[in-house]
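Participant: Structure below; questions to follow.
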Amino acid sequence: MEINKDMKYSKTHEWVKFLDDTTALIGLTDFAQEQLGDLIFINMPAEGDEVSCDTPFGDIESVKAVSDINSPVDGIVAEVNEEIAENPENINSDPYGSWIIKVSNITEICDLMDADSYERFCQEEA
Amino acid sequence: MQLRTPLYECHKRHNGKLVEFAGYLLPVQYEQGVIKEHLTVREKCGLFDVSHMTELFLEGEDALKNIQKIFSNDFAQTKIGQVKYTTMLNEDGGIIDDMIIYKFSDTKYMVVGNAANHEKDYNWIKSHVFGNCTLTDRTSDYAQLALQGPASTEVLKKLTDESNIPAKYYTFLEGKIAGMDCIISQTGYTGELGYELYTAPDNAVKLWDELMYTGRDFGLIPCGLGARDTLRLEAAMPLYGHEMTDDITPLEAKLNFSVKLNKEDFIGKTALEKRMESTRVLAGFKITGKGIVREQNDMFIDGKKVGFSTSGTHAPYFKYPIALGYIDKQYSAIGTKVVFKVRGREVEAVVTETPFYKRSKK
């Protein structure tokens, strides 16, 4: 399993990459895509939607199942990644290069883990 | 309780993602994933562990009489070496299980049913067996491997004499594969040409390895329950607990071919004759909106509930989602537009002909 050192991680397997203090990209981790299997569809929020900590902003479908995607921050959706909406399988091949939404106006950051803690967390879950 | 099939070590070795299914630990997929496994079965061939399936034997002078009474299809003209699909009905005409029955001789039949219904099937048959006929549960005497896909015959030819390979769909032979005694059956649950191989549990790992090794040249890969489900759904083959339940009749499930109302009396026949005018029928749906319909999503036309889905998935061969479901007969015409409610959202779909996928016969 791959873990990116420059990102923060939630217990529900989203990654957060801060672009500045109030803007971040959000995606799904390698562990998440591995657990979900072949991804085929994402329900995206709309630009301008509010997102909040540990609350689903969308969901993602694999061939077998559907799973919520939770927000690791409070903020506003600045952009959705249309390329990922069209090709969710890119998350399978490149989870850390495939951001799902960009959040701006971040006012709150949830309880997140650094790469080392997240790696231990995944080992316990596996 | 989590049972292991005789092939458990093979699943571990191929890095199968193991889940519990009907009490057994089985791989939902291997490393390449459901879509790749699915497409490989459509184009080349895949190997499945289906050892969880139930094998019950009915034997004795009155075996045929029992089979005619307990099952809905007609076995009077069935020949030795033939396999036949049937349903088993309760007194209300609802489906207890669907199964395939193998005729070994006039006094020996093998009934292969769903793992999830193992005890229910055994108990039902046991309580209805009469005359000179014994029921034996030999599920633990068999491992079952399903070799499925257009290249399956070529793989088998490398491991057995061609005379051991059944040439016709729904027939079987007994013979050796790589030196091991097997029942070789041209059957399957994928909509492709393929074989189901029954052997003693002690042979299972060796048979798996021989097939995998020989099959590599033909593109053979191991496939899990995930691909088994998407393949059967594209072929619109019904699955017990989804398209079939204790209160759905085989006529509603469009399994008319497995019910012979003009044969002698069988369990469920009287009730079935009274339920001929059912208002619901199984139909196929192509999803035209955004989203994946799963089981038990309600279906609407102009805001009126007209049915519900029983299975749904992304169809890897077509690259769009499909579903099966029950719809009021008056709305079941091909081309009718419906809306499914999926997790609070509306997803559009259209009634489509089934099977969605039909293999081309070469």
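Each reported figure results from applying straightforward, stated rules to the coordinates on display, with no laboratory input. All values derive from a computational prediction rather than experimental measurement. Cβ placement follows ideal geometry from the backbone for every residue including glycine, while neighbour counts extend to all protein chains displayed.
Participant: Restricting attention to the stretch A:1-59, and to residues there that are of a type in the set (Phe, Trp, Tyr) and touching a Pro at 6+ places or on another chain (Cβ under 9 Å), which single residue is surrounded by the most Cβ atoms within 10 Å (Cβ to Cβ)? Don't jump to the end; show me each part of the working.
Facilitator: Step one: filter the stretch A:1-59 for residues of a type in the set (Phe, Trp, Tyr), giving A:9, A:15, A:18, A:31, A:41, A:57.
From the residues that got through so far, the ones that are touching a Pro at 6+ places or on another chain (Cβ under 9 Å) too are A:9, A:15, A:31, A:41, A:57.
On the way: A:Tyr9: 24, A:Trp15: 28, A:Phe31: 22, A:Phe41: 17, A:Phe57: 22.
Step by step, filter the stretch A:1-59, then rank; the result is A:Trp15.
Participant: Given B:Ala283, B:Ala323, which one is among the small types (Gly, Ala, Ser), within 14 Å of chain A (Cβ to nearest Cβ) and not in a loop (DSSP other than H, G, I, E, B)? Please lay out each step first, then the result.
Facilitator: Numbers: B:Ala283 fails: within 14 Å of chain A (Cβ to nearest Cβ).
Within the list B:Ala283, B:Ala323, the selection yields B:Ala323.
Participant: Answer yes or no: is there a residue in the stretch B:205-221 that is crowded, with 22+ Cβ neighbours inside 10 Å, touching a Pro at 6+ places or on another chain (Cβ under 8 Å) and away from chain A (no Cβ under 14 Å). I'd like the intermediate steps shown before the answer.
Facilitator: Filtering the stretch B:205-221 down to residues crowded, with 22+ Cβ neighbours inside 10 Å leaves B:207-208, B:211, B:215, B:220.
Adding the requirement that they be touching a Pro at 6+ places or on another chain (Cβ under 8 Å) leaves none.
Within the stretch B:205-221 (the criterion being crowded, with 22+ Cβ neighbours inside 10 Å, touching a Pro at 6+ places or on another chain (Cβ under 8 Å) and away from chain A (no Cβ under 14 Å)), the answer is no, since none of the residues qualifies.
Participant: So which of A:Ser71, A:Ser98 ends up being away from chain B (no Cβ under 13 Å), under 30 Å from B:Glu37 (Cα atoms), among the polar types (S, T, N, Q) and surrounded by 16 or more Cβ atoms within 10 Å (Cβ to Cβ)?
Facilitator: Working: A:Ser71 fails: under 30 Å from B:Glu37 (Cα atoms).
Result: A:Ser98 is the single residue among A:Ser71, A:Ser98 that is away from chain B (no Cβ under 13 Å), under 30 Å from B:Glu37 (Cα atoms), among the polar types (S, T, N, Q) and surrounded by 16 or more Cβ atoms within 10 Å (Cβ to Cβ).
Participant: Then there's this: With (1) out of contact with any Ser or Thr (no Cβ under 8 Å at 6 or more places or on another chain); (2) within 22 Å of A:Gln123 (Cα to Cα) as the list, and A:Glu50 as the residue in question, which single condition is left unmet?
Facilitator: (2)
Participant: Moving on. I'm trying to understand the selection: among the residues of the stretch B:299-317, which are assigned to a strand (DSSP E or B) and within 14 Å of chain A (Cβ to nearest Cβ)?
Facilitator: Result: B:Ser309, B:Ser311, B:Gly312, B:Thr313, B:His314, B:Ala315.
Participant: Let me ask something else about it. List every residue pair whose Cβ atoms lie under 7 Å apart, where the two residues are 6 or more positions apart in sequence or sit on different chains, the first residue falls within the stretch B:333-362 and is hydroxyl-bearing (Ser, Thr, Tyr), and the second residue, located anywhere, is assigned to a strand (DSSP E or B) and buried (at least 19 other Cβ atoms within 10 Å of the Cβ).
Facilitator: Partner pairs satisfying both residue conditions: B:Thr336/B:Val351; B:Thr352/B:Gly284; B:Thr352/B:Phe285; B:Thr354/B:Gly284.
Participant: Residues of the stretch B:271-296 being surrounded by fewer than 22 Cβ atoms within 10 Å (Cβ to Cβ) and closer than 13 Å to B:Val342 by Cα, which ones?
Facilitator: B:Gly289, B:Lys290, B:Arg294, B:Glu295, B:Gln296
Participant: Now for a different question. Restricting the stretch A:71-106 to residues that are of a type in the set (Ser, Thr, Tyr) and either in contact with a Lys or Arg (Cβ under 9 Å, 6 or more places away or on another chain) or free of Cβ contacts under 8 Å to residues at least 60 places away in the same chain (or both), which is farthest from A:His13 (Cα to Cα)?
Facilitator: In the first step, residues of the stretch A:71-106 are kept if they are of a type in the set (Ser, Thr, Tyr); the result is A:71, A:93, A:96, A:98, A:104.
Subset that is either in contact with a Lys or Arg (Cβ under 9 Å, 6 or more places away or on another chain) or free of Cβ contacts under 8 Å to residues at least 60 places away in the same chain (or both): A:71, A:93, A:96.
Details: A:Ser71: 10, A:Ser93: 16, A:Tyr96: 12 Å.
The extreme case among them is A:Ser93.
Participant: Ok, one more. Just one of the numbered conditions (1) of a type in the set (A, V, I, L, M); (2) within 14 Å of chain B (Cβ to nearest Cβ); (3) assigned to a strand (DSSP E or B) is not true of A:Met1; which one?
Facilitator: (3) is the only condition that A:Met1 fails.
Participant: If you scan the stretch B:341-356, which residues turn out to be away from chain A (no Cβ under 14 Å), surrounded by 13 or more Cβ atoms within 10 Å (Cβ to Cβ) and part of a loop (DSSP other than H, G, I, E, B)?
Facilitator: Correct list: B:Thr354, B:Pro355, B:Phe356.
Participant: Check B:Asn256 against each of (1) out of contact with any strand residue (DSSP E or B) (no Cβ under 6 Å at 6 or more places or on another chain); (2) in contact (Cβ under 8 Å) with a residue 60 or more places away in the chain and name the one condition it does not meet.
Facilitator: Of everything listed in (1) out of contact with any strand residue (DSSP E or B) (no Cβ under 6 Å at 6 or more places or on another chain); (2) in contact (Cβ under 8 Å) with a residue 60 or more places away in the chain, B:Asn256 misses just condition (2).
Participant: Can you pull out the strands (runs of 3 or more DSSP E) entirely within the stretch B:3-110 that have at least 1 residues that are within 14 Å of chain A (Cβ to nearest Cβ)?
Facilitator: Details: elements: B:17-21, B:24-29, B:46-49, B:54-59, B:83-89, B:95-105.
Strands (runs of 3 or more DSSP E) meeting the threshold: B:17-21, B:24-29.
Participant: Within the set of pairs 6+ apart or on separate chains, which have a first residue in the stretch B:289-305 that is free of Cβ contacts under 8 Å to residues at least 12 places away in the same chain, a second that is surrounded by fewer than 20 Cβ atoms within 10 Å (Cβ to Cβ) and in a strand (DSSP E or B), and C-beta atoms under 8 Å apart?
Facilitator: Every condition considered, the pairs that remain are B:Lys305/B:Asp298.
Participant: Looking at the stretch B:79-95, which of its residues are in contact with a Lys or Arg (Cβ under 7 Å, 6 or more places away or on another chain) and closer than 14 Å to B:Lys269 by Cβ?
Facilitator: B:Gly93
Participant: Looking at (1) polar (S, T, N, Q); (2) closer than 24 Å to B:Val50 by Cβ; (3) more than 14 Å from chain A (Cβ to nearest Cβ), which is the only condition B:Asn256 fails?
Facilitator: It is condition (2) that B:Asn256 fails.
Participant: In the stretch A:32-61, what count of residues is obtained for those that are touching a helix residue (DSSP H, G or I) at 6+ places or on another chain (Cβ under 8 Å) and more than 8 Å from chain B (Cβ to nearest Cβ)? Steps first, answer last, please.
Facilitator: Initially, the stretch A:32-61 is screened for residues touching a helix residue (DSSP H, G or I) at 6+ places or on another chain (Cβ under 8 Å), giving A:32-33, A:37-40, A:42, A:44, A:60.
Of the ones still in play, those that are also more than 8 Å from chain B (Cβ to nearest Cβ) are A:32-33, A:39, A:42, A:44, A:60.
Result for the stretch A:32-61: 6.
Participant: So which of B:Lys103, B:Lys126, B:Lys168 ends up being crowded, with 18+ Cβ neighbours inside 10 Å, of a type outside the set (S, T, N, Q) and free of Cβ contacts under 8 Å to residues at least 40 places away in the same chain? First the steps, then the outcome.
Facilitator: Working: B:Lys126 fails: crowded, with 18+ Cβ neighbours inside 10 Å; B:Lys168 fails: crowded, with 18+ Cβ neighbours inside 10 Å.
None of the other options fit; the residue is B:Lys103.
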